[in-house]
Amino acid sequence: MLVGCPFCHHAKATCYREHQPLRLGRGECRTIMRCDDCGLLYPDRRLGVHESIEYIAQHNLGPDGVQETLQEPRVEFADTNIAALLLKDVERNGRALDIGTWNGEFTHIYGVLGYESYGLEPHKEAVAFACSKGLRVFQGAFPDDVPRKLLSSKYKLISMLDTMYYLHDLQKSFLKVRRMLKDDGVFLVACHQGYSPYYEANLDHSYFSRYGDYVQGIPTYDALQYCLNRSGFKTLGIVASDNGPVHKSDRFGILSGKS
């Protein structure tokens, strides 16, 4: 088990929400803490790297492995998608990398948009599926297990779409993204946030019901801005899913570049 904030690496925090039942914990609960520095929400006890891998293998993929959850990745890029809105004025060329690409959907989409597109995914079955669709998806886990091929050149676009929740060391991950980006490159993060009305409207909605028992950090808008700024990024664009205040939206995205 790990303790403390996955970005600030300390346990100076305030209790935010008590008695949150685990998704598959058979009645076991955790407390959600809020870091006193960055404001990131996180469980008071986090599964370590090997514990997370074991949990996913046992519980998260279904009886038939990942195959039953994989869908055709070659889909049309909807104009209303958060990523589409944030990238509409971005020059689309050079290399792109989607971290945690799963079935390769955004690896495909970035290729359609004009990038030389690559994906990184830890699950070997998902990687095999994406590769069978003609996509350049590599097996590995960010930030410590990235294949050499993906480190051979820098990128114009790197994205984390619903991936940052599961990074055990968020600070190390964001700093590595910055090193992998070209000076004029962009970093796209999209996520569900911890101050979503989903939780405020019904206190019976456990944070683990959405993020899973192996969640490491739950972003809020201010927390993600803090983490990006401290990692050497500046904000270029912000989109909220419901066109309301981004601080209270269910989902939002931030496009950033090197500061």
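Every number here is computed from the coordinates shown, using simple stated rules; none is lab data. Quantities reported herein were computed from a predicted structural model and do not represent experimental measurements. Quick reminder, even Gly has a Cβ in these numbers, built from the backbone with ideal geometry, and neighbours come from all protein chains shown.
Please compute the length gained on full extension between Arg17 and Arg230, using 0.36 nm multiplied by the number of residues separating them and subtracting their Cα-Cα distance. Show your work: numbers first, answer last.
Numbers: separation 213, 0.36 × 213 = 76.68 nm, distance 2.59 nm.
Stretched out fully, the Arg17 to Arg230 stretch lengthens by 74.1 nm.
Give me the base-10 log of I(q)/I(0) for the range 203-256 at each q in 0.20, 0.31 Å⁻¹, Debye formula, one uniform scatterer per Cα, rounded to two decimals.
Debye intensities relative to I(0), on a log10 scale: -0.84, -1.18.
What FRET efficiency would be calculated for the residue pair Ala57, Tyr198, taking the C-beta separation as r and a Förster radius of 25 Å, to the nearest 0.05?
0.35
Given [x] 17.9, 53; [y] 17.7, 50; [z] 17.0, 55, which label gives Rg and Dmax of the Cα atoms in Å as computed from the coordinates?
Here the calculated entry is [y].
Could I have the simple spin-label model distance between Gln71 and Ala84, label points 7 Å from Cα toward Cβ, reported in nm to one decimal?
1.5 nm
So which aspartates and glutamates can Lys124 reach, going by Cα to Cα under 20 Å and dropping same-chain residues fewer than 8 places off?
Glu51, Glu54, Asp64, Glu68, Glu72, Asp98, Glu105, Asp144, Asp145, Asp162
Quick one: net charge of Thr101's neighbours, Cβ under 12 Å, K/R +1, D/E -1?
Values: positive: Lys133, Arg136; negative: Asp98, Glu105, Glu121, Asp162.
Overall, the nearby charge balance is -2.
Rounded to the nearest 500, what is the chain's calculated 222 nm mean residue ellipticity when only DSSP H runs of at least 4 contribute -39500 (n - 2.57) each, over all residues?
Dividing the helical sum by the residues of the chain leaves -6000 deg cm²/dmol.
Pairs Lys176/Lys258; Lys88/Lys133; Lys156/Lys234; Lys154/Lys176: which are spaced more than 22 Å apart, C-alpha to C-alpha? Can you show the working numbers first?
Numbers: Lys176/Lys258 12 Å; Lys88/Lys133 26 Å; Lys156/Lys234 15 Å; Lys154/Lys176 11 Å.
The answer is Lys88/Lys133.
Using packing as a proxy for protection, rank 17-28, 103-114, 228-239 so that the peptide with the highest average count of other Cβ atoms within 10 Å comes first. Let's see the in-between values first.
On the way: 17-28: 13.1, 103-114: 22.2, 228-239: 16.8.
Highest mean packing first, the order is 103-114, 228-239, 17-28.
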